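The values are calculated or read from the model by the stated rules, or taken from the named source; none is laboratory data. Note that the structure is predicted; figures quoted are calculated from it, not measured. For neighbour counting, all protein chains shown are included, and Cβ atoms are generated from backbone atoms with ideal geometry for every residue, glycine included.
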Amino acid sequence: MTSKNKIALFLTLIVLSAQNAYAYIDPNTGGFFFQTVAPFVYGILGVIVVFWKRIINFVKGLFSKKKNGDSSTGNE
């Protein structure tokens with residue numbers, strides 16, 4: 001039996017033998033999560049909005065062909 005098969009068998013046995021947890025999730029947990037994650041997400045979105053043109057120009061610069069700025073073509 002390969003190690004992948006052993007892991008799959010082990011995980012299957014764990015899932016099949018699951019029992020009730022009798023756990024309690026505080027109703028305020030969702031509010032706390034929203035109050036901590038939402039400002040972070042909105043902050044990132046704000047940075048993207050403010051620097052949108054710079055971000056687009058940077059990405060275009062990565063994928064555009066560089067123009068040869070050399071004037072040394074040998075015709076001097």
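Of all residues in the range 1-30, those that are under 30 Å from the mean Cα position of the chain (by Cα) and among the charged types (D, E, K, R) total 2.
Would you call F33 surrounded by 10 or more Cβ atoms within 10 Å (Cβ to Cβ), modelled with pLDDT under 85 and within 20 Å of the chain's Cα centre (by Cα)? Answer is yes for this residue.
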